[in-house]
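Here is the structure we will look at.
The values are calculated or read from the model by the stated rules, or taken from the named source; none is laboratory data. These numbers were taken from a predicted model, which means no experiment stands behind them. Using ideal geometry, Cβ is built from the backbone for each residue, glycine included, and neighbour counts are taken over all protein chains shown.
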Amino acid sequence: MKLNHQDFEDVRVVCVDENRIDAACAIQFKDEMRGLSEAGPSRIILDLGNVEFLDSSGLGAVVAALKAVRHGQRLELAALHPTVQRVFHLTRMDTVFTIHDSVSTAVEGVANAS
Amino acid sequence: MRPEGNLQSKVVRRVAPQSKENELRIILPARENAVRRGLKSIKSGLGPIGFSSDELASLELVLAEILNNIVEHAYRGNEAGIIEIQLSQTTAGLWCTVIDTGAMMPNGEPPLGMQCDLNCDVADLPEGGFGWFLIRELVHDLEYTHEEGQNRLSFRMSIGRLN
């Protein structure tokens, strides 16, 4: 499981450098995400642009990552493939997460708000 | 081969009598990485015969949920387990049968897979239980039997209909 990250002023963009988050890598994803949010700024954007497949284990791991953020910290998602978006939609998890069309709009969102 | 106690002969494959050219049969060991490879083979096998990428994505999701459940719950990590997948393309869509010899499903039937209640604090959000909900959202005519130690799950997906 490869997660790359890049820090901007008060946002950390975590990019999943794999094309799937599934049962075979869900636990590893969860653990690595926890480490990246613990040491991260108040806003984490998870860039799913490379992820073409996410199953229920992968979804569970993304939910676990949301639950692992510290008080006051936010985890948002960006650049979901239609197949991944559909899993969020079917399970209604798209109502729980803030989802951005792209990483750039997600990061700009902060610039505009501040 | 000994004619009397040959275990193989007991595993009767009840393959429906349909034309072979629209069938795909894959056998894989009950391991997460083998499931990944099996899904890849199925996608590359069906892609060229008229399945759209959306249709293949639905099939991959359904099969991933079913196969990983078998690895995790039916065989409980016993990597000697074997899973057989039969796919048959018909005018009604794609019929799928998944066979294993692991533990029976709880209460002898596939879980209902209810929509999770998300009206709760983030800390209480469910991290699992989505699998059977997703399967039931995407398949039709789901049937399950457990006979002579064999689990047999079959269903239809409205994809890749033959004209």
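Brief remarks follow.
- One residue alone among B:Leu134, B:Leu112, B:Leu153 is surrounded by 14 or more Cβ atoms within 10 Å (Cβ to Cβ) and not in a strand (DSSP E or B), and that residue is B:Leu134.
- Considering only residues in the range B:9-37 that are surrounded by 16 or more Cβ atoms within 10 Å (Cβ to Cβ) and more than 18 Å from B:Ala74 (Cα to Cα), the one that is modelled with the lowest pLDDT turns out to be B:Leu24.
- In the range A:1-50, residue nearest to the other protein chains (Cβ to nearest Cβ) [restricted to those that are small (Gly, Ala, Ser) and under 11 Å from the mean Cα position of the chain (by Cα)]: A:Ser37
- Taking the criterion of being farther than 13 Å from A:Thr98 by Cβ and within 11 Å of the chain's Cα centre (by Cα), the residues of the range A:59-78 that qualify are A:Leu59, A:Ala61, A:Val63, A:Ala64, A:Ala65.
- Number of the condition not met by B:Gly81 [criteria: (1) touching a residue at least 40 places away in the same chain (Cβ under 8 Å); (2) surrounded by fewer than 17 Cβ atoms within 10 Å (Cβ to Cβ); (3) of a type outside the set (A, V, I, L, M, F, W, C)]: (2)
- B:Leu118 closer than 28 Å to A:Arg92 by Cα, assigned to a loop (DSSP other than H, G, I, E, B) and modelled with pLDDT under 95: yes
- The residue list B:Leu138, B:Leu162 contains one member that is touching a residue at least 24 places away in the same chain (Cβ under 8 Å), closer than 18 Å to A:Val84 by Cα and of a type outside the set (Gly, Ala, Ser), which is B:Leu138.
- Scanning the range B:132-147 for residues that are more than 10 Å from every other protein chain (Cβ to nearest Cβ) and on the phi < 0 side of the Ramachandran plot yields a total of 9.
- Failed item, numbered, when B:Asn163 is tested on (1) more than 14 Å from chain A (Cβ to nearest Cβ); (2) touching a Lys or Arg at 6+ places or on another chain (Cβ under 8 Å); (3) surrounded by fewer than 21 Cβ atoms within 10 Å (Cβ to Cβ): (2)
- Of the residues making up the range A:1-57, just one is surrounded by fewer than 15 Cβ atoms within 10 Å (Cβ to Cβ) and of a type in the set (Phe, Trp, Tyr), namely A:Phe8.
- Flag if B:Ile70 is within 14 Å of chain A (Cβ to nearest Cβ) and β-branched (Val, Ile, Thr): yes
- Qualifying residue in the range B:118-125 (condition: surrounded by fewer than 18 Cβ atoms within 10 Å (Cβ to Cβ), within 30 Å of B:Gln89 (Cα to Cα) and not basic (Lys, Arg)): no
- Selected residue (criterion: surrounded by the fewest Cβ atoms within 10 Å (Cβ to Cβ)) from residues of the range A:58-72 that are over 16 Å from A:Met1 (Cβ atoms) and more than 8 Å from chain B (Cβ to nearest Cβ): A:His71
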